[in-house]
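**Q** Got a structure here, written out as structure tokens. Questions coming.
The values are calculated or read from the model by the stated rules, or taken from the named source; none is laboratory data. Fair warning: this is a prediction, and the values are worked out from it, not measured in the lab. With ideal geometry, Cβ positions are generated from the backbone for all residues, glycine too; neighbour counts draw on all protein chains shown. Note: areas computed on protein heavy atoms with side chains; ligands, DNA, RNA excluded. Shrake-Rupley method; radii C 1.70, N 1.55, O 1.52, S 1.80 Å.
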Amino acid sequence: MFKKISFFFFVLPFILVSCKQQNGKTNDFQEPAKKLTSYVDPFIGTGGHGHTYPGASTPFGMVQVSPDNGVSGWDWCSGYHYSDSLVAGFSHLHLSGTGIGDLADILFMPVNEKIDLTKEVKEREDIPYLSKYSHIDETATPGYYQLFLEDFDVNVELSASQRTAYHKYTFGEGEEKSVVIDLGFAINWDEPTETSIKVEDEYIISGYRHSTGWASNQKVFFVAKFSTPIIKSELFSGGKAASGTQVSNKKTSAQLYFEKDPKELQVAVALSSVSLENAKENLDGDANFNFNDTRKQANQTWEKALSDITVETPTDSLKTIFYSALYHTKLAPVIFSDKNGEFRLQNDSIVQKDFTAYSTLSLWDTFRAQNPLLTITNPDITSDIINSMLVYYEESGSLPVWTLYGNETNTMTGYHSVPVIAEAYFKGIKGFDAEKAYEALKATMMQDDRNLKELKEYGYIPYNLGDESVTKTLEYAYNDWCVAQMAEALGKQEDYEYFSERAKAYKELFDPETGFMRGKSPEGKWNTPFDPKHSNHRVDTDYTEGNAWQHSWFVLHEPQDLIELHGGPKPFTAKLEQLFTESSEITGDNTSADISGLIGQYAHGNEPSHHIAYLFNKAGQPWRTQFWVREILKTQYSTQPDGLSGNEDAGQMSAWYVFSSMGLYPFNPVSTEYEIGSPIFEKSTIKLKNGNSFKIIANKVSEENIYIQSATLNGKDFNQTSISHKTLLEGGELVFEMGSTPNKDWGVKHKD
């Protein structure tokens with residue numbers, strides 16, 4: 001009932017203001033511009049295979065407080081899926097769009113009755129504090145989340161600052177006011193190893209949760225401060241009631257009770273990977289429980305973050321998709337260091353640095369577009385990410401592959417911390433030691449682990465000496481090229497020549513007869529039988545989460561050589577066009593669920609396909625790039641919960657949209673060039689950190705007018721399909737004239 005009343009009081013002032021403006025004497029009233037945050041829908045990606053969470057965080061915030069459905073299924077990797085209608089609580093760490101689950105740490109659940117926390121939980125329906133909910137009584141905006149718990153008559157509101165989560169619970173009139181904290185709760189393949197809860201005084205509880213899962217050694221310390229006194233506490237250890245004010249066990253839980261009046265209860269929760277003392281220091285100020293101010297500040301923080309790029313279009317749905325995408329690009333990576341600069345490494349050592357450390361580095365995905373986007377919108381964060389990776393290198397001897405809560409997961413192929421570092425160096429981003437960074441690049445690519453030994457021995461990775469051999473060979477070739485470029489820039493000529501030669505490994509796996517990259521034995525024989533549509537997930541396969549159709553195009557560094565391997569532009573573009581028009585059948589008994597968003601054999605739902613449409617530019621047919629980019633923009637994104645055609649993957653799926661919808665894409669990030677596609681907005685303005693602005697204007701753009709007829713850059717003719725990062729930073733205006741038919745004379749002279 002109270003939720004409907006609060007909604008009425010929210011709407012009534014708007015109605016009165018609107019009537020006043022309509023009935024007043026003045027006629028010059030103009031409706032103020034809508035805030036950018038009003039276009040963001042955090043539910044986009046929470047359905048389908050998007051794997052995003054709808055809860056509250058700040059840009060790159062340490063805490064992500066969000067609902068948990070209590071399911072360990074693949075589509076619940078973030079803890080939540082839009083198809084669900086049951087909630088088990090609200091925890092403080094979540095992953096945005098990953099293909100593997102973890103986190104969901106420190107679970108809070110407000111209830112209006114005594115809960116039997118001794119009950120054994122074997123499946124979700126056994127959870128004694130589980131509640132039904134409806135999307136009708138659910139709200140999400142940047143920095144804010146609300147949900148009404150039907151079984152407990154409690155309205156839950158969540159918000160956050162950079163390192164602290166804020167909860168506001170409104171209970172029914174005269175009802176029991178209580179909160180369950182469950183540290184033994186295990187979803188998303190995460191299992192507690194040791195937990196502890198302590199009631200410190202009538203306002204504060206603290207504790208820790210150590211667990212193993214995707215992050216094999218995760219340690220989370222927390223402190224929670226309540227707005228009203230705890231009048232009674234019940235603690236449980238290993239599923240049994242315990243006496244005293246502190247419990248420690250593999251699984252611990254607690255139920256806290258409060259006076260029934262007032263019916264509102266607030267709690268502030270801060271975390272740390274290091275210690276309880278640091279968690280207390282991370283707790284914002286005195287946690288004075290002005291929830292509305294916290295929510296307002298979070299919204300203002302998001303408004304500023306989203307203003308990095310503004311787009312103009314009469315179509316509000318396109319703004320919703322764009323700003324929701326831009327929002328998703330700023331959820332990860334996440335701040336990992338405490339206020340005092342300390343953070344924990346996988347070996348349990350504690351380091352203290354004068355930069356902000358980051359974790360959740362989904363580099364196989366994000367090096368393609370999300371990290372390049374950060375070099376434009378958040379270059380300061382880029383340097384901190386690199387410094388974080390160098391700390392991980394100092395600990396382990398190699399750069400990160402996929403870092404989660406300070407842990408190396410070794411998930412996915414390649415070492416794509418390498419292009420992230422090289423790109424930042426060539427884009428002139430300061431704040432990290434280039435020589436030390438190069439040392440890390442070289443040491444990483446010269447080791448023997450992860451099939452690099454076989455690469456060095458054979459010049460490629462033989463299929464019978466390592467799964468996913470084709471993908472690994474192609475990605476290492478690109479990584480090696482990145483090392484070579486940085487070696488040359490730093491005057492290391494011998495290294496440059498060595499890694500440049502290794503960067504040609506892709507040529508060893510190209511089969512001119514079929515036109516595909518194929519697995520090859522140590523003796524140089526092709527892996528047979530061969531079916532380019534065949535996919536096997538992760539084992540007994542030559543390709544990572546895909547097939548030969550999707551992986552044979554990954555030569556970001558030498559696309560002209562790839563074109564020549566096919567016999568030149570004409571046969572190359574014919575093969576490339578076939579990719580998009582071939583039937584979408586995927587063969588095999590153990591195909592990867594990541595192969596989604598299919599247009600022919602092109603799979604936009606997974607990252608290996610993301611650069612492919614821009615290859616037509618390289619082969620002298622930019623109008624085909626323009627056609628297929630528009631087709632992808634139109635068919636693979638929407639305003640619905642299933643509006644992402646595959647895993648969001650920590651911002652990559654959305655970063656592709658942000659770039660491509662403006663008409664740009666970082667095909668090879670380390671080249672510092674952006675390929676030109678087909679803009680969908682009448683005007684896009686990028687506000688650069690140096691004070692300049694770069695504007696992209698598309699005259700006569702529409703759903704039909706997708707082809708570039710001509711272009712000017714700062715008033716001068718512009719007839720090429722790429723533009724440099726340096727040019728972008730100088731500011732200016734790139735103007736396209738758009739039309740409904742291709743101009744096959746524009747952009748056909750390729751600029752190397």
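**Q** Residues that are in a helix (DSSP H, G or I), of a type in the set (D, E, K, R) and closer than 15 Å to residue 363 by Cβ: does the stretch 416-438 have at least one? Please lay out each step first, then the result.
**A** Of the residues in the stretch 416-438, the ones in a helix (DSSP H, G or I) are 417-426, 434-438.
After this cut, where a residue has to be of a type in the set (D, E, K, R) as well, the list is 423, 435-436.
Narrowing the set further to residues that are closer than 15 Å to residue 363 by Cβ leaves 423.
Yes: one or more hits.
**Q** Starting from residues that are hydroxyl-bearing (Ser, Thr, Tyr) and within 24 Å of the chain's Cα centre (by Cα), keep the ones in the stretch 603-645 and report whichever is surrounded by the fewest Cβ atoms within 10 Å (Cβ to Cβ).
**A** Going residue by residue through the stretch 603-645, those that are hydroxyl-bearing (Ser, Thr, Tyr) are 609, 614, 625, 635, 637-639, 645.
If we keep only those that are within 24 Å of the chain's Cα centre (by Cα) as well, we get 609, 614, 635, 637-639, 645.
On the way: 609: 26, 614: 25, 635: 13, 637: 26, 638: 16, 639: 16, 645: 22.
Across the stretch 603-645, the extreme among qualifying residues is 635.
**Q** So the check is Cβ under 9 Å with 6+ separation or different chains; which pairs have a first residue in the stretch 274-303 that's within 30 Å of residue 344 (Cα to Cα) and a second one that's aliphatic (A, V, I, L, M) and open to solvent by 20 Å² or more (accessible area, probe 1.4 Å)?
**A** 274/350; 275/350; 280/204; 302/36
**Q** Which of the residues that make up the stretch 238-253 are surrounded by fewer than 22 Cβ atoms within 10 Å (Cβ to Cβ), under 38 Å from the mean Cα position of the chain (by Cα) and of a type in the set (Gly, Ala, Ser)?
**A** 238, 239, 248
**Q** Take the residues in the stretch 444-469 that are within 26 Å of the chain's Cα centre (by Cα) and assigned to a helix (DSSP H, G or I); name whichever of them is nearest to residue 396 (Cα to Cα).
**A** 444
**Q** Here's a follow-up. Surrounded by 24 or more Cβ atoms within 10 Å (Cβ to Cβ) and either farther than 25 Å from residue 44 by Cα or free of Cβ contacts under 8 Å to residues at least 24 places away in the same chain (or both) - does that describe any residue in the stretch 313-320? Walk me through how you get there before you give the answer.
**A** Narrowing the stretch 313-320 to residues surrounded by 24 or more Cβ atoms within 10 Å (Cβ to Cβ): none.
No, because not a single residue in the stretch 313-320 is surrounded by 24 or more Cβ atoms within 10 Å (Cβ to Cβ) and either farther than 25 Å from residue 44 by Cα or free of Cβ contacts under 8 Å to residues at least 24 places away in the same chain (or both).
**Q** Can you find, within the stretch 121-140, the residue that is most open to solvent (accessible area, probe 1.4 Å) among those that are out of contact with any helix residue (DSSP H, G or I) (no Cβ under 7 Å at 6 or more places or on another chain) and among the charged types (D, E, K, R)?
**A** Top of the filtered list is 122.
**Q** Identify all residues within the stretch 537-568 that are at pLDDT below 95 and either over 16 Å from residue 606 (Cβ atoms) or in contact with a Phe, Trp or Tyr (Cβ under 8 Å, 6 or more places away or on another chain) (or both); write none if there are none.
**A** Scanning the stretch 537-568 gives 539, 540.
**Q** In the stretch 667-688, what residues are within 16 Å of residue 719 (Cα to Cα) and assigned to a strand (DSSP E or B)?
**A** Correct list: 673, 674, 675, 676.
**Q** Residues to consider are 401, 418; find the one that is open to solvent by less than 10 Å² (accessible area, probe 1.4 Å) and in contact with an Asp or Glu (Cβ under 8 Å, 6 or more places away or on another chain).
**A** On the way: 418 fails: in contact with an Asp or Glu (Cβ under 8 Å, 6 or more places away or on another chain).
Answer to the check: 401.
**Q** Here is a further query. So, of the residues in the stretch 169-205 that are crowded, with 21+ Cβ neighbours inside 10 Å and aromatic (Phe, Trp, Tyr), which turns out to be farthest from the chain's Cα centre (by Cα)?
**A** 171
**Q** Of all residues in the stretch 402-421, count the ones that are farther than 22 Å from residue 551 by Cβ and among the aliphatic types (A, V, I, L, M).
**A** Matching residues across the stretch 402-421 total 2.
**Q** Output the residue which, of all residues in the stretch 689-745 that are more than 23 Å from residue 318 (Cβ to Cβ) and hydrophobic (A, V, I, L, M, F, W, C), is most open to solvent (accessible area, probe 1.4 Å).
**A** By that ranking, first place goes to 729.
**Q** Being surrounded by 21 or more Cβ atoms within 10 Å (Cβ to Cβ) and under 22 Å from residue 365 (Cα atoms) is the requirement here; does residue 480 meet it?
**A** Working: surrounded by 21 or more Cβ atoms within 10 Å (Cβ to Cβ): yes; under 22 Å from residue 365 (Cα atoms): yes.
Here the answer is yes, as residue 480 does meet what is asked.
**Q** Filter the stretch 262-273 for residues that are in contact (Cβ under 8 Å) with a residue 40 or more places away in the chain and surrounded by fewer than 21 Cβ atoms within 10 Å (Cβ to Cβ); which is nearest to residue 335 (Cα to Cα)?
**A** Filtering the stretch 262-273 down to residues in contact (Cβ under 8 Å) with a residue 40 or more places away in the chain leaves 263-273.
From what is left, the residues that are surrounded by fewer than 21 Cβ atoms within 10 Å (Cβ to Cβ) are 263-264, 266.
On the way: 263: 34, 264: 31, 266: 24 Å.
That would be 266.
**Q** For the stretch 493-523, how many residues are over 28 Å from residue 574 (Cβ atoms) and either assigned to a loop (DSSP other than H, G, I, E, B) or at pLDDT below 95 (or both)? Break it down stepwise before answering.
**A** We begin by selecting, within the stretch 493-523, every residue over 28 Å from residue 574 (Cβ atoms); these are 493-502, 521-523.
Cutting the leftovers down to either assigned to a loop (DSSP other than H, G, I, E, B) or at pLDDT below 95 (or both) gives us 521-523.
Here the count works out to 3.
**Q** Return the residues of the stretch 62-78 that are open to solvent by 10 Å² or more (accessible area, probe 1.4 Å) and free of Cβ contacts under 8 Å to residues at least 40 places away in the same chain; say none if nothing qualifies.
**A** Selection gives 73, 75.
**Q** Given the criteria crowded, with 19+ Cβ neighbours inside 10 Å, assigned to a loop (DSSP other than H, G, I, E, B) and of a type in the set (Gly, Ala, Ser), does residue 388 qualify? If you could, list the steps in order and put the result at the bottom.
**A** Values: crowded, with 19+ Cβ neighbours inside 10 Å: yes; assigned to a loop (DSSP other than H, G, I, E, B): no; of a type in the set (Gly, Ala, Ser): yes.
No, not satisfied.
**Q** Of the numbered conditions (1) at pLDDT below 95; (2) more than 23 Å from residue 208 (Cα to Cα); (3) in contact with a strand residue (DSSP E or B) (Cβ under 7 Å, 6 or more places away or on another chain), residue 259 fails exactly one; give the number of that condition.
**A** Unmet condition: (1).
**Q** I would also like to ask the following. Please go through the stretch 141-155 and pick out each residue that is of a type in the set (A, V, I, L, M, F, W, C) and either open to solvent by 10 Å² or more (accessible area, probe 1.4 Å) or without any contact (Cβ under 8 Å) to a residue 24 or more places away in the chain (or both). Give the derivation first.
**A** Step one: list which residues in the stretch 141-155 are of a type in the set (A, V, I, L, M, F, W, C), which gives 147-149, 152, 154.
Answer for the stretch 141-155, where residues must be of a type in the set (A, V, I, L, M, F, W, C) and either open to solvent by 10 Å² or more (accessible area, probe 1.4 Å) or without any contact (Cβ under 8 Å) to a residue 24 or more places away in the chain (or both): just 148.
**Q** Something else now. Search the stretch 484-508 for residues that are without any contact (Cβ under 8 Å) to a residue 60 or more places away in the chain and pair each with any residue that is charged (D, E, K, R) and open to solvent by less than 80 Å² (accessible area, probe 1.4 Å) when their beta-carbon atoms are under 7 Å apart and the residues are at least 6 apart or on different chains.
**A** Close Cβ pairs satisfying both conditions: 487/495; 495/442; 499/480; 502/480; 503/480; 508/520.
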